[in-house]
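The values are calculated or read from the model by the stated rules, or taken from the named source; none is laboratory data. This structure is a prediction, so every number in the text was calculated from the model and none was measured. Note: ideal-geometry Cβ built from the backbone for every residue, glycine included; neighbour counts use all protein chains shown. Just the protein is used for accessible areas: all its heavy atoms, side chains included, with ligands, DNA and RNA removed. Shrake-Rupley method; radii C 1.70, N 1.55, O 1.52, S 1.80 Å.
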Amino acid sequence: MAQTKKITPCKLRVIAYWFLFAQIIAIAVVAVLGIFVYCFASQIESLLNKSDPDIAKPLNAEMIRIYGIAFMSSVICFAWQIPMLFKIKKSFNDKIHHIALGICLILFGGGTLALVSGIMMLCSSEGANRVKK
């Protein structure tokens, strides 16, 4: 009979760490894109509106700037996710349950990868009792 490898709580927390890290990188890319869109709104408008003059203009520079500000507002997630990333890294070898951290990541994570990270933290807390010492 083949042996199955058990995933320890430490491994689940490492997986949660890398999912949250990927979420932070995605937010950084969106924020940089927002800055780019905001700074070059008039050039983007001229590129989008170069087509037939009879067709209604899809976007004007003000709307493009508003979209840029919306993208840049994703930086607010950094205020939550970076400290949580360090908290997960600190918990790699803990024997403590991190249920509250998992629930907070699920509720306030701000993205799909943070949601998966929160679920991994909950699963690691569930498995902490069953690990043989």
Exercise for the section: Could you tell me which residue of the stretch 83-93 is farthest from residue 41 (Cα to Cα), considering only residues that are open to solvent by 60 Å² or more (accessible area, probe 1.4 Å) and modelled with pLDDT of 80 or more? Expected result: 90
Practice task
Starting from residues that are among the β-branched types (Val, Ile, Thr) and in contact with a Gly (Cβ under 8 Å, 6 or more places away or on another chain), keep the ones in the stretch 19-37 and report whichever is most open to solvent (accessible area, probe 1.4 Å).
Solution key: 35
Fill in the blank from the handout: Counting only residues in the stretch 38-63 that are open to solvent by 70 Å² or more (accessible area, probe 1.4 Å) and assigned to a helix (DSSP H, G or I), the one modelled with the lowest pLDDT is identified as 48
Exercise for the section: Please state which one of 96, 119, 66, 76 is at pLDDT below 85, assigned to a helix (DSSP H, G or I), open to solvent by 60 Å² or more (accessible area, probe 1.4 Å) and under 27 Å from residue 22 (Cβ atoms). Expected result: 76
